[in-house]
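Comments concern the structure below.
What follows is calculated from the coordinates using simple rules that are stated; it is not laboratory data. All values reported here derive from a predicted model rather than from experimental measurement. Cβ coordinates were reconstructed from backbone atoms using ideal geometry, including for glycine residues, and neighbour counts include every protein chain displayed.
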Amino acid sequence: MKSKILFIVSLLVGLMMINAGLNKFFNYMSMQEMTESAGTLMYAFVQSGWMMPLIAIVEIVGGALLIANRFRALGAIILLPILIGMFLFHAVLDPTGVIMTVVLLAINGWIIAENFSKYLPMIRE
């Protein structure tokens, strides 16, 4: 039962991340209103020319890996910096989305905890 719930949650988060990444390329969803400082930061990311495509690619790849059971542990680690960045962005600049990012971070933490044995070879001597 626990594995089915983990699969469903991973599927939903993975699809959400893929959707967010594809939206950065195709702009099919409108952005919500932001505070001035949040808008300034987003404008800087877009004007850099490389930051938004990089974030989009990481979201798409991480989301796809999160869906695949075999690579779920890798997908969770790949998405962790993106989710931390999302949390900090919303916590500091645009508090309207902070609850959703906390939920996403908690789910990602659960996925990492469930796959912790797969990370142990990286930290053992």
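So the check is Cβ under 9 Å with 6+ separation or different chains; which pairs have a first residue in region 102-124 that's in contact (Cβ under 8 Å) with a residue 24 or more places away in the chain and of a type in the set (D, E, K, R) and a second one that's loosely packed, with under 15 Cβ neighbours inside 10 Å and in a helix (DSSP H, G or I)?
Pairs found: GLU114/LYS2; GLU114/SER3.
Which one of these is under 11 Å from the mean Cα position of the chain (by Cα) and among the charged types (D, E, K, R): GLU36, GLU59?
It is GLU59.
Surrounded by 17 or more Cβ atoms within 10 Å (Cβ to Cβ) and of a type in the set (A, V, I, L, M), is that true of LEU15?
No, not satisfied.
Please work out if LEU54 is assigned to a helix (DSSP H, G or I), hydrophobic (A, V, I, L, M, F, W, C) and buried (at least 19 other Cβ atoms within 10 Å of the Cβ). Break it down into steps so the answer makes sense when it comes.
Numbers: assigned to a helix (DSSP H, G or I): yes; hydrophobic (A, V, I, L, M, F, W, C): yes; buried (at least 19 other Cβ atoms within 10 Å of the Cβ): no.
In short, no.
If the requirement is being within 23 Å of LYS4 (Cβ to Cβ) and in a helix (DSSP H, G or I), which of these qualifies: GLY97, GLY85, GLY63? Let's see the steps before the verdict.
Working: GLY97 fails: within 23 Å of LYS4 (Cβ to Cβ); GLY85 fails: within 23 Å of LYS4 (Cβ to Cβ).
Every option except GLY63 fails the conditions.
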